[in-house]
Amino acid sequence: ILIHGDASIAGQGIVYEVLQMSGLRGYYVGGTIHFVINNQIGFTTDFDDARTSDYCTSVAAMVHAPVLHINGDDAEAVVKACEIATLYRQEFNSDIFIDMVCYRKHGHNEGDEPKFTQPQLYAKIDKHPNPREVYTHFLMENGEPEAKELAKEMEQKFLADLQERLDEVKQNPL
């Protein structure tokens, strides 16, 4: 399994090189699942100006690998795509790509501000609920009335786990 970002898969030579070698006897691994987190990390450029191809995963055509395009807000679709990709790789021993289209709320780091280069897109993203909220709403609308409370409990446990690890690192610095 390789995890890529959208800008790196479309713009860096290593992906092309790995794909070119994937069918060679000395480098064959029985197929790779390429999971692309298409979170518009190359946000300084519009899609139409970033590449000639329609998708960042168009490079998959080079090795005749299928591409599953999925909405990152649809947790069920993400899981299903992963299951399909796993079955495909196991059955055909060849590459497959999952192109999970999503977004980032913030830039690459503290100094990055995507609203400078993509103000209209990020005005929409600012108003959009996060994937946890989207999935909680989905569960509640589909017969899971306790989903909101369970999501809150899971979030609190996750934050407590993070705090516990932070405290441990502070007590035992390298």
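The values are calculated or read from the model by the stated rules, or taken from the named source; none is laboratory data. Being a predicted model, the structure only gives us computed values, none of them experimental. Every residue, glycine as well, gets a Cβ built from its backbone with ideal geometry; the counts of neighbours run over all protein chains shown. Accessible surface is based on the protein model in full, side chains and every heavy atom, while ligands, DNA and RNA are left aside. Shrake-Rupley method; radii C 1.70, N 1.55, O 1.52, S 1.80 Å.
For this structure, a couple of remarks:
- Residue in segment 152-169 that is open to solvent by 100 Å² or more (accessible area, probe 1.4 Å), within 21 Å of the chain's Cα centre (by Cα) and closer than 24 Å to K105 by Cα present: yes
- Residue within segment 143-151 that is within 23 Å of N38 (Cβ to Cβ) and open to solvent by 80 Å² or more (accessible area, probe 1.4 Å) present: no
- Entry remark, segment 23-39: residues being of a type in the set (G, A, S), within 14 Å of A65 (Cα to Cα) and at pLDDT 90 or above number 2 in total.
- Within the set D74, D95, the sole residue that is of a type in the set (D, E, K, R), closer than 26 Å to Y135 by Cβ and at pLDDT 85 or above turns out to be D74.
- Consider segment 40-68 and keep the residues that are modelled with pLDDT of 90 or more and assigned to a loop (DSSP other than H, G, I, E, B). The one that is surrounded by the most Cβ atoms within 10 Å (Cβ to Cβ) is A65.
- Qualifying residue in segment 91-113 (condition: more than 30 Å from D49 (Cα to Cα), in contact (Cβ under 8 Å) with a residue 40 or more places away in the chain and in a helix (DSSP H, G or I)): yes
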